[in-house]
1. Can you pull out every residue in region 102-114 that is crowded, with 17+ Cβ neighbours inside 10 Å and among the β-branched types (Val, Ile, Thr)?
2. Filtering region 52-79 down to residues that are among the β-branched types (Val, Ile, Thr) and either more than 13 Å from residue 36 (Cα to Cα) or over 14 Å from the mean Cα position of the chain (by Cα) (or both), which residue is least open to solvent (accessible area, probe 1.4 Å)?
3. Scan region 37-45 and tell me whether some residue there is open to solvent by 10 Å² or more (accessible area, probe 1.4 Å), closer than 18 Å to residue 143 by Cβ and of a type outside the set (Asp, Glu).
4. Report the residue count in region 145-168 for those that are in contact (Cβ under 8 Å) with a residue 40 or more places away in the chain, within 16 Å of residue 118 (Cα to Cα) and open to solvent by 10 Å² or more (accessible area, probe 1.4 Å).
5. Going through 54, 31 one at a time, which residue ends up being modelled with pLDDT under 95 and over 25 Å from residue 77 (Cβ atoms)?
6. Mind telling me which of the residues 178, 182 ends up being open to solvent by 70 Å² or more (accessible area, probe 1.4 Å), among the basic types (Lys, Arg) and at pLDDT 90 or above?
7. Cβ-Cβ under 6 Å, sequence separation 6+ or interchain: first residue in region 105-133 and of a type in the set (D, E, K, R), partner open to solvent by 70 Å² or more (accessible area, probe 1.4 Å) and at pLDDT below 75. Which pairs?
Amino acid sequence: MCADNRTIPLGLRDEYVAVGAHIAYFWETPGEFSDAVRFLQVGLARGEVCVIFGHTEGNRRVCESLAERGYDCASLVGQGDLVIVPGHTDATQMLSTIGQVFTEALERGATLIRLLGNIGWGYRGWPDEKHLLEFEARVTGAAKQFPCVVVCMYDVGALSGRVILHGAFETHPLTFFRNIVRVNSQYVEVDEFLSGLRGDAAP
C-alpha cells in the first residue's frame, strides 16, 4: 500500500496499513514471534503509545524481545509510552480495560495507539474459545472507531481448526502470514459474526 495521511507504517514489513486496521499475525518460529516486536519499535520511534495485551508468558516474551533491541520496558511503562495489559478470560472485561487505556492515552495527546496481542493457547484459563471469538470480533468493530492499529499474534502450531476459522479468519479484515499482508476474503462483518456466535451458543 502507498503511504498517505490515512495510513501508517506497519513495521512487520515495509508496508502501510490503514488506521483502524485489525490484523491476524501468524507465527511459526520463535524468530517470527520476535519479529512482531518491530511493530512496536516503529510506534515507539514515532512517539505513539504501544500496548501489549495477552497471557503473562506472551507479554514477558514480547518484553524480552524489546530488551534485546535495547529498550527498557520498565522505563517505557513508567513514561506511559508502553502499557502492559494482563490477560482476562472475559471479553467484556478485556475490552473495558483496553478502552480505559485508549481514553488515558488520548487524553495525554497520543496520536496513534498500537496494540500487540498475544493470542496464546495451552495457557490455562486464557483465553477460552467463546471469549476469544467474541473478543476478536468486537476488537474489529472498536478499532474502526479509534486512531489505532491492532495486531493479534497467533501461534499456528497451537491453534485448533475452529479457532483458525473463526477467531483468526472470520474476525480479522487483514492477515499477515509468511511475510505477506493480505485482505481477508473470509472476513465476516462484526454484527453478522456475533449474531452467528450467539446462535452457536444457543441450547
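1. Within region 102-114, 113 is the sole residue that qualifies.
2. At the first step, the residues of region 52-79 found to be among the β-branched types (Val, Ile, Thr) are 52, 56, 62, 77.
From the residues that got through so far, the ones that are either more than 13 Å from residue 36 (Cα to Cα) or over 14 Å from the mean Cα position of the chain (by Cα) (or both) too are 56, 77.
Numbers: 56: 111, 77: 67 Å².
Among residues in region 52-79 that are among the β-branched types (Val, Ile, Thr) and either more than 13 Å from residue 36 (Cα to Cα) or over 14 Å from the mean Cα position of the chain (by Cα) (or both), the one least open to solvent (accessible area, probe 1.4 Å) is 77.
3. Going residue by residue through region 37-45, those that are open to solvent by 10 Å² or more (accessible area, probe 1.4 Å) are 38, 41-42, 44-45.
Going one step further and asking which of them are closer than 18 Å to residue 143 by Cβ, we end up with 42.
Add one more test, that the residue is of a type outside the set (Asp, Glu), and what stays is 42.
Taking every residue of region 37-45 in turn, at least one turns out to be open to solvent by 10 Å² or more (accessible area, probe 1.4 Å), closer than 18 Å to residue 143 by Cβ and of a type outside the set (Asp, Glu).
4. Final tally of qualifying residues: 3.
5. The unique qualifying residue is 31.
6. Only one candidate qualifies: 182.
7. none
For every residue, the table says whether it meets (1) closer than 27 Å to residue 89 by Cα; (2) touching a residue at least 24 places away in the same chain (Cβ under 8 Å).
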| site | (1), (2) |
| --- | --- |
| 21 | yes, yes |
| 31 | no, no |
| 36 | yes, yes |
| 39 | yes, yes |
| 42 | no, yes |
| 45 | no, no |
| 49 | yes, yes |
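The values are calculated or read from the model by the stated rules, or taken from the named source; none is laboratory data. Being a predicted model, the structure only gives us computed values, none of them experimental. So basically every Cβ, Gly included, is an ideal-geometry build from the backbone, and we count neighbours across all protein chains shown. Side chains included, ligands, DNA and RNA excluded: accessible areas come from the protein's heavy atoms. Shrake-Rupley method; radii C 1.70, N 1.55, O 1.52, S 1.80 Å.
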